[in-house]
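The structure appears below as structure tokens.
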Amino acid sequence: MTSLLEPNIDIALIPILETVADPEIPVLTVLDLGVIREAVEENGLVSIKLTPTYSGCPAMDVIGDDLKAAFAKNGMKAEVTLILSPAWSTDWMSEAGKRKMEAYGIAAPLEESADKAVLLGNAKLVKCTNCGSTNTHLVSQFGSTACKALFKCDDCQEPFDYFKCLK
């Protein structure tokens, strides 16, 4: 039995789940994001419980379809159920996923108190994904999607997204 915070995933399904990418950050898999809360196979049917990063995230429909297609490609039928409780947290992201995100050009989420400080302009902790400087500033609370904020580096002058911490 797993806790509410630990996903319940059949080990045999992991290789297929690893092929499904987030459509908004294609270097991340659904496992990197931690949005798969359950994936179990019983009597030839794969039951997947998916938690959105935001309750209105438009990527969830695409991810659900991509999950069904990935399992169909492997001769399995999958059903995907969206679950909202417990709410998704950036704590569920894998460390490998955070590194992939940074390499892709999106600053990974900070801890909750640090996140609040940078989003309120009280701290310079977000590293530029181009040059690594923390001499950065918030341009907008919202970046290319609602889960990101837009920052700019004061050293290299490059803009970049920061993935907000959600708890």
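What follows draws every value from the coordinates through simple rules; no lab data is involved. This is a predicted model, so every value here is computed, not measured. Cβ sites come from the backbone with ideal geometry, for glycine too, and all protein chains shown count toward neighbours.
Nearest 10 degrees, 0 to 90: what angle lies between the long axis of helix 59-73 and the longest principal axis of the chain (Cα atoms)?
40 degrees
I'd like the FRET efficiency for Lys124 and Lys77, computed as 1/(1 + (r/R0)^6) with the beta carbon distance as r and R0 of 45 Å, rounded to 0.05.
Details: r = 50 Å, r/R0 = 1.12.
Approximately 0.35, to the nearest 0.05.
Would you list, by chain and number, the aspartates and glutamates whose Cα falls below 13 Å from the Cα of Lys127, excluding same-chain residues fewer than 8 positions away?
Glu102, Asp115, Asp154, Asp155, Glu158, Asp161
At 7 Å along the Cα-to-beta-carbon direction for both Gln141 and Glu18, put a label point, then send me their distance in nm to one decimal.
Roughly 4.0 nm, to one decimal.
What pairs in Lys68/Lys98; Lys49/Lys164; Lys98/Lys124 have C-alpha atoms more than 21 Å from each other?
On the way: Lys68/Lys98 25 Å; Lys49/Lys164 23 Å; Lys98/Lys124 19 Å.
In this structure, Lys68/Lys98; Lys49/Lys164 lie more than 21 Å apart at Cα.
What fraction of the DSSP beta bridges in the chain is antiparallel, stated in percent and rounded to the nearest 5? Can you show the working numbers first?
Details: 16 of 26 bridges.
Just about 60 percent of them are antiparallel.
Isolated Cys in the chain by the 4.7 Å beta carbon test?
Among the cysteines of the chain, those whose Cβ sits 4.7 Å or more from every other are Cys57, Cys147, Cys165.
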